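Presented below is the structure to which this report refers.
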Amino acid sequence: MPSLDEQEARHCIPDPNTLSRMKKISITESYLQGHVSCESTESGLRPWRLPVEELPLYATHGDLLDKAGRASGVRVRFRTTSPELALGVKILSEDEPAPAFDLVSEGELLTTVAADPKANEVRFTGLESSRTYEIWLPVFTQLCLQSFTVTEGSSVEPVSDDRLRWLSYGSSITHCRAATSPALTWPAIAARKHDLHLTNLGYGANCHLEPMQGRLIRDLPVDIITLKLGINVYGMASLNKRTFAAAAIGLVKLIREKHPMTPIGLITPIFCPYGEVNPNAVEMTLENYREQLRIAYRALKEQGDDKLFLFEGRELFWEEDAVLLPDDLHPNGEGYQRMGERAAEKILPVLLQAR
């Protein structure tokens, strides 16, 4: 993996003489991977991490739609004969002054470009026609994709992704706003390590085990699943000792309706200093939620679910890593990199072997 210095964002300024010899090619959904659906708008093609035709069914509480409209894990996958290429975008959100785009090929992070939100394009150079590329979109940006610009006489085409599919459901700690760049979230690092097709359903502050989320996961094509549960439920006190284990069981059973033999990994919360010692409004600490998730796991296993696995948050990030929690809740970029490496070593091999 490149060093942090090599990953440093850089904005490429196009040569005006080159621009006059370039042509535009519209972007269609066939170029996208890692999304759930797309919305066609006047500003371009907007990727969503929820089904756009059912958005009102997810809008009954919180800001789930806001977080699902941000492109964590979504990628533009293509092959081109052009040595340079510009991705036309329209930035809809203003949360990131210079959103980062990563160029990846064969799992390798090649370069990171920090885009000017007002420039409406991101430029990449040094492309080779023999390679398949992915542009990983900014983790916490709402945007629309408009077109490719390539050199005159060149072509660009979508490339299907037939790799094994991993779906990762979780909270802001799976959404990974503080990741160094889009391909350096912990799910992205682990997925690239094992050459997997990732769908990241990490929604900041919005992992509450709702039935509609279980229904969505149930209906998506997937080969392995991880459900990282508990931190948002603790923070908002949305489930208690009576309801959390029951909700976790219901979530798994709903997914099992269409994925009866798909390996599923339940992951308990990682270390959080405040949550370890302070009960929330329903008198639950994070360790209480961990124990309730263990109870749900044991109940499901006793009912014959041989493709269900339990992983402890301490395997990903624990007290000795707390220096990488700048707000005592979310890991920083180095922390997410550590989590990704550990997930690649300790979680994904178990699930992949169980297929």
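The values are calculated or read from the model by the stated rules, or taken from the named source; none is laboratory data. Remember, predicted model here, so these are calculated numbers, not experimental data. Here the Cβ is made from the backbone with ideal geometry for all residues, glycine too, and neighbour counts use every protein chain on show. Note: areas computed on protein heavy atoms with side chains; ligands, DNA, RNA excluded. Shrake-Rupley method; radii C 1.70, N 1.55, O 1.52, S 1.80 Å.
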(Q) Whether any residue in the range 303-317 is in contact with a Cys (Cβ under 7 Å, 6 or more places away or on another chain) and assigned to a helix (DSSP H, G or I) is what I want to check. (A) no
Q) How many of the residues in the range 257-283 are assigned to a loop (DSSP other than H, G, I, E, B) and closer than 22 Å to S238 by Cβ? A) 11
**Q.** Among (1) buried (at least 20 other Cβ atoms within 10 Å of the Cβ); (2) free of Cβ contacts under 8 Å to residues at least 60 places away in the same chain; (3) more than 26 Å from T132 (Cβ to Cβ), the one test that L103 misses
**A.** (3)
Q.
What's the total number of residues in the range 24-66 that are acidic (D, E), over 16 Å from C144 (Cα atoms), assigned to a helix (DSSP H, G or I) and open to solvent by 60 Å² or more (accessible area, probe 1.4 Å)?
A. 1
Q.
Could you tell me how many of the residues in the range 309-338 are surrounded by 14 or more Cβ atoms within 10 Å (Cβ to Cβ), out of contact with any Ser or Thr (no Cβ under 9 Å at 6 or more places or on another chain) and among the aliphatic types (A, V, I, L, M)?
A. 4
Q: Filter the range 220-252 down to the residues that are of a type in the set (S, T, Y) and outside any loop (DSSP other than H, G, I, E, B), then identify the one that is nearest to G340 (Cα to Cα).
A: T226
Q | Output for the range 74-91, where each listed residue is more than 24 Å from S130 (Cα to Cα) and either among the aliphatic types (A, V, I, L, M) or touching a helix residue (DSSP H, G or I) at 6+ places or on another chain (Cβ under 7 Å) (or both) | A | V89, I91
Q | Residues satisfying the stated conditions in the range 194-242, i.e. of a type in the set (A, V, I, L, M, F, W, C), open to solvent by less than 20 Å² (accessible area, probe 1.4 Å) and either farther than 13 Å from V36 by Cα or in contact with a helix residue (DSSP H, G or I) (Cβ under 6 Å, 6 or more places away or on another chain) (or both) | A | L196, L198, C207, L209, I217, I224, I225, L227, L229, V233
Q: Check off (1) free of Cβ contacts under 8 Å to residues at least 24 places away in the same chain; (2) under 20 Å from T174 (Cα atoms) for Y336 and give me the number that stays unchecked.
A: (1)
Q | Which listed residue, of P182, P158, is in contact (Cβ under 8 Å) with a residue 60 or more places away in the chain and surrounded by fewer than 19 Cβ atoms within 10 Å (Cβ to Cβ) | A | P158
Q. Out of contact with any helix residue (DSSP H, G or I) (no Cβ under 8 Å at 6 or more places or on another chain), β-branched (V, I, T) and closer than 14 Å to A190 by Cα: does that describe V350?
A. yes
Q) Does Q146 count as part of a strand (DSSP E or B) and surrounded by fewer than 24 Cβ atoms within 10 Å (Cβ to Cβ)? A) yes
Q | Residue in the range 80-92 that is closer than 27 Å to A190 by Cβ, in contact with a strand residue (DSSP E or B) (Cβ under 8 Å, 6 or more places away or on another chain) and surrounded by fewer than 22 Cβ atoms within 10 Å (Cβ to Cβ) present | A | no
**Q.** Matching residues in the range 339-355 - criterion: being among the aliphatic types (A, V, I, L, M) and either open to solvent by 10 Å² or more (accessible area, probe 1.4 Å) or assigned to a helix (DSSP H, G or I) (or both)
**A.** M339, A343, A344, L348, V350, L351, L352, A354
